[in-house]
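Participant: Following this message is one structure expressed as structure tokens.
The values are calculated or read from the model by the stated rules, or taken from the named source; none is laboratory data. Quick caveat: nothing in here was measured; it's all calculated off a predicted structure. Virtual Cβ from ideal backbone geometry, glycine too; neighbours counted across all protein chains shown.
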Amino acid sequence: MQTLVLVTSSPGSPEAQRAIELARTLRAQNRAVQVALLQDAVLAALGHSAMPAAAAVRDLLAQEVPVYVAEHDLTLRGFSPAVLAAGAHVADDRRLVDLILADASRTLGCF
């Protein structure tokens, strides 16, 4: 079963750090996991960021964990997909809904 971890909090918040750490733990247990970054959490996918959450996202990407970034939220914050960490996927609203509602998938909260 695929697990989708939704993250909405600012990358520096304890909630976002916990959510990303949850994804890392699931991956370490060889479980299928995906991460969707929404609202302020999209900032964790910026390739140049020195924030611990951004480093953790880059680590997930290096482990081939799919990381989806909400296109609309990224644009609202003044960034383009070109500044994302290598391997991060830009997702429109339709794609995000498809991820959440996918068969054989579960969504773990909204952090």
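Participant: Being out of contact with any Gly (no Cβ under 6 Å at 6 or more places or on another chain) and among the small types (G, A, S) is the requirement here; does A55 meet it?
Facilitator: Yes, satisfied.
Participant: Sort through A55, A16, A50, A45 and tell me the only one that's closer than 11 Å to A88 by Cα and either touching a strand residue (DSSP E or B) at 6+ places or on another chain (Cβ under 7 Å) or aliphatic (A, V, I, L, M) (or both).
Facilitator: Result: A45 is the single residue among A55, A16, A50, A45 that is closer than 11 Å to A88 by Cα and either touching a strand residue (DSSP E or B) at 6+ places or on another chain (Cβ under 7 Å) or aliphatic (A, V, I, L, M) (or both).
Participant: Suppose we filter segment 53-111 for residues that are outside any strand (DSSP E or B), touching a residue at least 12 places away in the same chain (Cβ under 8 Å) and among the basic types (K, R); how many remain?
Facilitator: Number satisfying all stated conditions: 3.
Participant: For the structure I just gave you, tell me whether L26 is without any contact (Cβ under 8 Å) to a residue 24 or more places away in the chain, assigned to a helix (DSSP H, G or I) and either in contact with a strand residue (DSSP E or B) (Cβ under 9 Å, 6 or more places away or on another chain) or of a type in the set (F, W, Y) (or both).
Facilitator: yes
Participant: Considering only segment 1-23, how many residues are surrounded by fewer than 18 Cβ atoms within 10 Å (Cβ to Cβ) and assigned to a helix (DSSP H, G or I)?
Facilitator: 4
Participant: Still on this model: Scan segment 24-42 for residues that are in contact with an Asp or Glu (Cβ under 9 Å, 6 or more places away or on another chain), within 23 Å of V97 (Cβ to Cβ) and surrounded by fewer than 24 Cβ atoms within 10 Å (Cβ to Cβ) and jot them down.
Facilitator: Residues satisfying the conditions are L38, Q39, D40.
Participant: In addition: Give the residue, chosen from V42, V35, that is of a type in the set (A, V, I, L, M), outside any helix (DSSP H, G or I), within 10 Å of the chain's Cα centre (by Cα) and at pLDDT 95 or above.
Facilitator: When all the criteria are applied, what remains is V35.
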